[in-house]
Amino acid sequence: MNPRMTARPSSRHAFTLIEMLVVISIISLLISILMPSLSRARAQAKAVHCVARLKEIGTAIAAYENVSSGRLPPARWFPSEESLRYENGDQGAGEPVEYGWAEILFAYIYREEVQIPESYVVQRNIQGRKWEQYFLCKEVGDTGVSGGHYRVYLPTWSAGSYALDAEGRYGETTQACPLVSSNRERIRPKMILLGDANDMSERGDGLGNDDCSYIDAGEANYAGTNGRNGNRFSDRHYGGTNFLFQDLHAKWDTQLREELARDYDLNGVIDIEEEGE
């Protein structure tokens with residue numbers, strides 16, 4: 001037998017099953033450690049982007065004021081039927097179409113009329129185009145007919161505050177008119193103009209008041225019928241809400257939503273008492 005043809009043991013060392021399981025366990029452990037950090041970083045980036053977006057909307061508001069005698073766009077308005085585009089060619093059919101402040105700002109910023117016969121197109125993500133990236137918080141994402149857009153705070157937006165009763169509180173029947181907008185100079189600096197809206201809101205999906213434009217007095221922290229569907233400001237960013245204020249600066253706050261739920265105009269007088277008080 002030729003000694004050169006004698007089989008030699010291999011010098012290569014293969015992984016054993018136990019070694020492979022150890023490697024896989026280490027990789028899994030590293031992933032489990034890193035994933036929460038990556039998730040937090042992603043959420044923080046979205047929160048920062050949201051604040052930046054609110055500041056951009058504030059810039060758009062300031063620009064609009066230059067052509068509106070210093071007034072904010074109305075929170076609610078009705079476009080003329082002649083300005084709407086009906087796919088079936090039937091002008092004026094169905095219920096009256098309602099728009100809001102976002103439709104006005106979109107048309108002014110992009111010089112492009114909305115012209116869609118749906119109520120609150122921009123605020124409801126209907127046939128969305130540029131407004132999908134402009135008026136919707138990234139933390140919410142594209143959810144179709146969504147409430148997760150930015151909404152104005154009506155007590156501030158419409159007139160600066162509601163009329164107060166003799167005790168300095170809001171009367172039960174006193175309401176601001178969303179068709180009337182305010183001059184921003186009449187609003188106290190600490191008051192908010194708009195903020196993150198609840199993405200589970202009933203409004204905008206055909207239930208009840210189909211309005212996606214504003215949050216009224218007493219609604220800032222309203223939980224809704226099931227605890228999640230109230231038309232209120234959202235605390236989706238680390239338990240806090242991003243707000244745009246009268247002086248057009250934006251910031252994150254964890255307590256203002258609850259404060260507005262009791263003191264509607266932040267004048268130091270409690271407008272509604274909690275149960276048991």
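What order do you get for 177, 137, 212 when you list them from fewest to most C-beta neighbours inside 10 Å?
177, 137, 212
Residues with amide H under 5 Å of residue 151's amide H, sequence separation 5 or more or different chain, H placed in the peptide plane at 1.01 Å from N; which?
For residue 151, whose amide H was placed from the backbone, the distant partners under 5 Å are 195, 197.
Tell me which residues come under 5 Å, amide H to amide H, from residue 99 once H is placed; ignore anything under 5 positions away on its chain.
Close amide H contacts, sequence-distant or interchain: 77, 78, 120.
Rule-based calculations on the coordinates, nothing more; no lab input. This structure is a prediction, so every number in the text was calculated from the model and none was measured. Here Cβ is always computed from backbone atoms with ideal geometry, including for glycine, and neighbour counts include all displayed protein chains.
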